[in-house]
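Novice: Questions regarding the structure given below will be posed in turn.
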Amino acid sequence: MPEEIESIMHELRKFKPGKEFRKKAHIKNFKQYQKLYNESIKNPEKFWAEIAREIDFFKKWKRVYCWDPKTLKCKWFDGAKLNVSYNCLDRHLKTRKNKLALIWQGEQEEDVKTYTYEELYKEVCRFANVLKKLGLKKGDRICMYLPMIPELAIAMLACTRIGVIHSIVFGGYSAKAVETRIKGCKAKILITSDGSLRKGKIIPVKESADIAVKKCKSIKKVIIVKRTNNNIQMKRGRDIWWHEEINKKGIKDECKPAMMDAEDPLFILYTSGTTGKPKGVLHTTAGYLVYVYITAKWIFDLKDEDAYWCTADIGWITGHSYIIYGPLANGATTIMFEGVPNYPDPARCWKIVEKFKVNIFYTAPTLIRALEKEGNKWTKKYDLSSLRLLGSVGEPINPEAWLWYHTHIGNKKCPIVDTWWQTETGGILITPLPGAMTLKPGSVLRPFPGVIPDILREDGTKASVNEGGYLVIKQPWPAMLRGIWGNKKRFRETYFKKFPGLYLTGDGAKIDKEGDFWIMGRLDDVVNVSGHRIGTMEVESAIVSHKSVAEAAIVPYPHAIKGQALYAFVSLNKGVKKTEKLKDGLRKHVAEEIGPIAKPDRIQFADALPKTRSGKIMRRILKAIAEGKEDLGNTSTLADPTVVEILKQKRQ
Ligand code: WTA
């Protein structure tokens, strides 16, 4: 176990939910949670069948679930027929037709659009009809490379309406990253925009899309949303405008939902892993929907009158599950924000909270830390009294940031749900239930009903109390990933090989003496930079592909705002000069290969990297150097121990 795991900070105070909150909560006390949890473990079939009754199925399932840890076949609600967009839209029309489903806040303050459930339903149907007219059929794939605009939500739901699988690429990724993802799933259509806005500037998204599509034979059409009105090149026969297509004569605002099988693929979402290439995580229909529905309801304690805002980007899993599918399946009002939290000033989020009287606010620790740094004058500018529940996701939240969030945003009255989960898990797995649990800053507390986590040692035995180990999940849950798109072998090797048949999360964790979980960060080569998941191998491959570079190693180091940041050790080819300009060049190169989020903060040129006698780079030692540690641990296996001293002296 890496040592930093032991040094996690402890805040010993505990925070109980208020009486008022508890009284109205879906899950009101710890006893009720325990009862639900015990039932879910004793009789999962019964438990999940009861939950699934809250979702509309066209045809009932034959079996609640089956799981074979040998073949890794996993099915939930097999035999059932349903449709995700139907559950997010149609079924609310009877009672919530005029209720707001989506509030969109553009980067400019006056740019607001709202959609009632009926309006959203019609838009989704229209776009689904456009897709049908373009020849898309059940099982086809579509890529989306869009900023946070309503069309993104509409396109997602339209895909699910006709059984098309979406693969969304985060708008901040590079053309190269888009290309790999299109090729990975052989998408027929790419949806993008003429541009996107960032701090008042126009980012030429379409240019990147053009570069990406050039080498993708599978793409038949590119649909472009007009967002920024800047001049773009339209390629004849390939590029079409969203607004023209959707307004064409004959495009109806009704579209019959496809009857999807429970295990039909719903979407693919690429995420970083331990090897160079990101992997396409596959989620399917019924299990995912049931799980995001119930987790959104219980964890965010969703009520019909709530305005709910999750600040994530829809390009990540948090946006999929807890901006779109979870809240809409619950008939909630979900808010989508196009801009960034510190533009035009660090009070932007609080202004939005006041403006829409947000009740539930879900964000990442990196945003909390960044806004905390700006001082409390910004939080005082707006009325935050509408808030009743706060959430955190993406990386461990340090107790200091937790307390600031609790005091200055939540006015000491809002419970904070620190939710642990992953792209692969589809929904939240370990979290407080806000009305039922006493909070401990820094702890994610307890497994959601139906989830059986454990902490194991290297040899597979159970870790004891407070002993850090590998976090595994012992039984499947409805939203578990069903595979890696196009790579069965990788699915087994990544998740089910180390401890055969158990789902390996890649995170380290421990359980304290009261039975509460503490997440301690990744144990593999994945780093969390500002809550974005980045594979160090992916960045290494990008740097090494630069013409001046011979070898590179990327390690994380602690960063006050980002949580973790990237530190690159780079060996250059013979004769290449070590200049600051080259460092900038390397950063730019990484931005082109992956995206600006993957740029290393620090770069150190090294004539040699520490290696074992068999030639393996010892990243553990590099990490200790990057962290500024004096003691680098055992260096006796190094081929040339002098290398380390030189690196230490030149630390950035
Ligand atoms: C980390 C994001 C600590 C963890 C939903 C996990 C967390 C990775 C938490 C998944 C949390 C997520 N506390 N760490 N509450 N939530 N993580 O796939 O390392 O982008 O493995 O999914 O984020 O990142 P991903």
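Novice: Want the number for E493 to R602: 0.36 nm per residue separation, take away the alpha-carbon distance, what's left?
Specialist: Details: separation 109, 0.36 × 109 = 39.24 nm, distance 3.21 nm.
Here the answer is 36.0 nm.
Novice: Would you list which lysines come within 16 Å of K279, measuring only between C-alpha atoms, while excluding same-chain residues fewer than 8 positions from it?
Specialist: Straight-distance partners of K279: K176, K183, K186, K488, K489.
Novice: Along each of its three principal axes, how wide is the spread of alpha-carbon positions in segment 440-504, in whole angstrom units, largest first?
Specialist: 41, 27, 19
Novice: Of the heavy-atom accessible surface of the chain (probe 1.4 angstrom), what whole percent is carbon and sulfur?
Specialist: Details: 13590 of 26830 Å².
Carbon and sulfur atoms account for 51 percent of the accessible area of the chain.
Novice: Still on this structure, please answer the following. Ignoring solvent entirely, what values of log10 I(q)/I(0) come out of the Debye formula for segment 484-587 at 0.13, 0.18 Å⁻¹ when each Cα is a single scatterer?
Specialist: Here the Debye-derived log intensity ratios amount to -0.67, -1.01.
Novice: Over segment 539-626, calculate the relative contact order: mean separation of alpha carbon pairs under 8 Å at least 6 apart, over the residue count, as a percent.
Specialist: Relative CO of segment 539-626 lands at 31 percent.
Novice: Percent of alpha carbon pairs in segment 544-592 separated by more than 12 Å?
Specialist: Values: 799 of 1176 pairs.
The answer is 68 percent, as a whole percent.
Novice: Now, a different point. Based on the Kirkwood radius over alpha-carbon pairs, what value in µm²/s does the Stokes-Einstein equation return for the translational diffusion coefficient of segment 408-448 at 20 °C and 1.002 mPa s?
Specialist: So the translational diffusion coefficient is about 195 µm²/s.
Novice: Using a 10 Å cut-off on Cβ atoms, rank the peptides 91-102, 320-331 from the highest mean neighbour count down.
Specialist: Result, highest mean Cβ count within 10 Å first: 320-331, 91-102.
Novice: What translational D, rounded to a whole number of µm²/s, comes out for segment 124-192 from Stokes-Einstein when the hydrodynamic radius is the Kirkwood one over Cα pairs, at 10 °C and 1.306 mPa s?
Specialist: For these conditions, the coefficient is 133 µm²/s.
Novice: Semi-axes of the equivalent ellipsoid for segment 487-528, please: Cα gyration tensor eigenvalues, times 5, square-rooted, ordered largest first, whole Å.
Specialist: 24, 14, 6
Novice: Using the beta-carbon distance between T612 and T274 and R0 = 25 Å, what value does 1/(1 + (r/R0)^6) give for FRET efficiency, to the nearest 0.05?
Specialist: Details: r = 19 Å, r/R0 = 0.75.
Calculated transfer efficiency: 0.85.
Novice: Simple spin-label model, 7 Å along Cα-to-Cβ: K97 to I561 in nm?
Specialist: Output for this residue pair reads 4.9 nm.
Novice: Just to be sure I understand: of the beta bridges DSSP finds with both ends in the chain, what percent are antiparallel, rounded to 5?
Specialist: 60 percent
Novice: Okay, moving on. Would you mind estimating how fast segment 157-224 diffuses translationally, via Stokes-Einstein at 10 °C and 1.306 mPa s with the Kirkwood radius over Cα pairs, in µm²/s? Each step should come with its number before you reach the end.
Specialist: Values: Rh = 12.5 Å.
Rounded to a whole number, D works out at 127 µm²/s.
Novice: Now a separate question. Counting pairwise Cα distances across segment 307-399, what percent come out greater than 19 angstrom?
Specialist: That fraction is 39 percent.
Novice: With point charges of +1 on the Cβ of Lys and Arg and -1 on the Cβ of Asp and Glu, referenced to the Cα centre of segment 311-369, which listed residue (T318, P341, V358) lies farthest in the positive direction of the dipole?
Specialist: Selected residue: V358.
Novice: Given Cβ point charges of +1 (Lys, Arg) and -1 (Asp, Glu) and nothing else, what value in debye, to the nearest 20, does the dipole of segment 385-440 about its Cα centre take?
Specialist: Dipole about the Cα centre, nearest 20: 340 debye.
Novice: Tell me, how many Å apart are the Cα centres for segment 12-85 and for segment 377-455?
Specialist: Going from one Cα centre to the other spans 20 Å.
Novice: Based solely on its DSSP helices, what 222 nm [θ] is calculated for the chain when runs of n ≥ 4 H residues each add -39,500 (n - 2.57) and the sum is averaged over all residues, nearest 500 deg cm²/dmol? Kindly include the intermediate steps, with their values, before the conclusion.
Specialist: Values: 21 runs with 186 residues, N = 652.
Roughly -8000 deg cm²/dmol at 222 nm, from the helical runs in the chain.
Novice: Can I ask one more? Relative to the Cα centre, what is the charge dipole magnitude of segment 160-220, using +1 at the beta carbon of each Lys and Arg, -1 at the beta carbon of each Asp and Glu, and rounding to the nearest 20 debye?
Specialist: Result for segment 160-220 is approximately 160 debye, rounded to the nearest 20.
Novice: Right, something else. Using only the alpha carbons of segment 247-345, determine the length spanned along each of the three principal axes and report them from longest to shortest in whole angstroms.
Specialist: 45, 43, 37
Novice: With no solvent and one point per C-alpha, what does the Debye sum give as log10 I(q)/I(0) for segment 402-523 at q = 0.15, 0.18 Å⁻¹?
Specialist: -0.71, -0.96
Novice: Towards the positive end of the charge dipole of segment 551-652, with charges on Cβ (+1 Lys, Arg; -1 Asp, Glu), say which of I603, L586, Y567 has the farthest Cα.
Specialist: Ranked along the dipole, the leading option is L586.
Novice: A follow-up question, please. When the dipole is taken about the Cα centre of the chain, and only Lys, Arg (+1) and Asp, Glu (-1) are charged at their Cβ, what size is it in debye, to the nearest 20?
Specialist: With Lys and Arg at +1 and Asp and Glu at -1, about 1580 debye.
Novice: Something else about it: Pairs of Cα atoms under 8 Å, at least six residues apart: use those to get the relative contact order of the chain, whole percent.
Specialist: 14 percent
Novice: Something else: Could you list, by residue number, the cysteines of the chain that have no other cysteine's beta carbon within less than 4.7 Å of their beta carbon?
Specialist: C66, C74, C88, C143, C159, C185, C216, C310, C349, C414
Novice: Turning to a different aspect of this structure: How much accessible area per residue does segment 539-621 have, in Å², with a 1.4 Å probe?
Specialist: For segment 539-621, the per-residue accessible area is 48 Å².
Novice: Using a/c under 1.5 as the rounded threshold, could you call segment 225-275 rounded, prolate or oblate? The axes a ≥ b ≥ c are square roots of the C-alpha gyration tensor eigenvalues, and prolate needs a/b larger than b/c, oblate otherwise.
Specialist: oblate
Novice: A follow-up question, please. Given the Cα-Cα distance of K215 and E45 and 0.36 nm per residue of separation, how much length would full extension add, in nm? Don't skip to the answer; put the middle values down first.
Specialist: Details: separation 170, 0.36 × 170 = 61.20 nm, distance 4.71 nm.
So the extension gain works out to 56.5 nm.
Novice: Additional query: Report the percentage of all Cα-Cα pairs in the chain whose separation exceeds 50 Å, rounded to a whole percent. Please report the intermediate quantities before stating the final value.
Specialist: Numbers: 17757 of 212226 pairs.
Considering the chain, 8 percent of its Cα-Cα pairs are separated by more than 50 Å.
Novice: Restricting things to alpha carbons, find the Rg to Rh ratio for segment 129-286 using the Kirkwood radius for Rh.
Specialist: Radius of gyration over Kirkwood radius for segment 129-286 works out to 0.95.
Novice: Sticking with this structure for a sec: Quick one: check the C-alpha center-to-center distance for segment 96-165 versus segment 522-541, whole angstrom.
Specialist: Between the Cα centres of segment 96-165 and segment 522-541 lies a distance of 31 Å.
Novice: Over the C-alpha atoms of segment 84-142, what are the Rg and the largest Cα-to-Cα span, Dmax, in Å?
Specialist: 13.9, 39
Novice: Using Cα-only point scatterers and the Debye equation, what is log10 of I(q)/I(0) for segment 538-635 at each q in 0.10, 0.22 Å⁻¹, rounded to two decimals?
Specialist: Debye output, listed in q order: -0.26, -1.20.
Novice: While we're looking at this one, here's another question. Along each of the three principal axes of the Cα atoms of segment 11-111, give the extent in whole Å, ordering the values from largest to smallest.
Specialist: Projected onto the principal axes, the Cα atoms of segment 11-111 cover 54, 43, 28 Å.
Novice: Among the listed pairs K547/K616; K380/K562; K373/K510; K226/K248, give every one whose C-alpha distance is greater than 19 Å.
Specialist: Going by Cα-Cα distance, K547/K616; K380/K562; K373/K510 fall outside the 19 Å limit.
Novice: In straight Cα distance, which lysines are under 20 Å from K24, not counting same-chain residues fewer than 8 positions off?
Specialist: K16, K35, K297, K303, K357, K412, K413
Novice: I'd like to know which of G460, G521, G450 lies farthest towards the positive end of the charge dipole of segment 398-536, counting +1 on Cβ of Lys and Arg and -1 on Cβ of Asp and Glu.
Specialist: Value: G450.
Novice: Rg over Rh of segment 380-438, using C-alpha atoms and the Kirkwood radius, what does it come to? Spell out each step's value before the answer.
Specialist: Numbers: Rg = 12.6 Å, Rh = 12.5 Å.
For segment 380-438, the value is 1.01.
Novice: Going by amide H atoms built from the backbone, whose H comes under 5 Å of the H on V529, apart from near neighbours?
Specialist: Placed amide hydrogens put I534 under 5 Å from V529.
Novice: Shifting gears a bit: Enter the Cα centre distance for the pair segment 584-632 and segment 490-517, rounded to the nearest angstrom.
Specialist: Segment 584-632 and segment 490-517 have Cα centres spaced 27 Å from each other.
Novice: If I take every Cα pair under 8 Å that is 6 or more residues apart in segment 26-182, average their sequence separation and divide by the length, what percent do I get for the relative contact order?
Specialist: Relative contact order here is 15 percent.
Novice: Multiplying the sequence separation of Q649 and S636 by 0.36 nm and subtracting their Cα-Cα distance, what value in nm do you get?
Specialist: 2.7 nm
Novice: At R0 = 60 Å, how high is the FRET efficiency between K577 and E458 if r is their beta carbon distance? Nearest 0.05 is fine.
Specialist: Efficiency, from the Cβ-Cβ distance: 0.85.
The values are calculated or read from the model by the stated rules, or taken from the named source; none is laboratory data. Every value quoted in this text rests on a predicted model; they were computed, and no experiment measured them. Backbone-built Cβ (ideal geometry, glycine too); neighbour counts: all protein chains shown. SASA here: full protein model, heavy atoms, side chains in, ligands and nucleic acids out. Shrake-Rupley method; radii C 1.70, N 1.55, O 1.52, S 1.80 Å.
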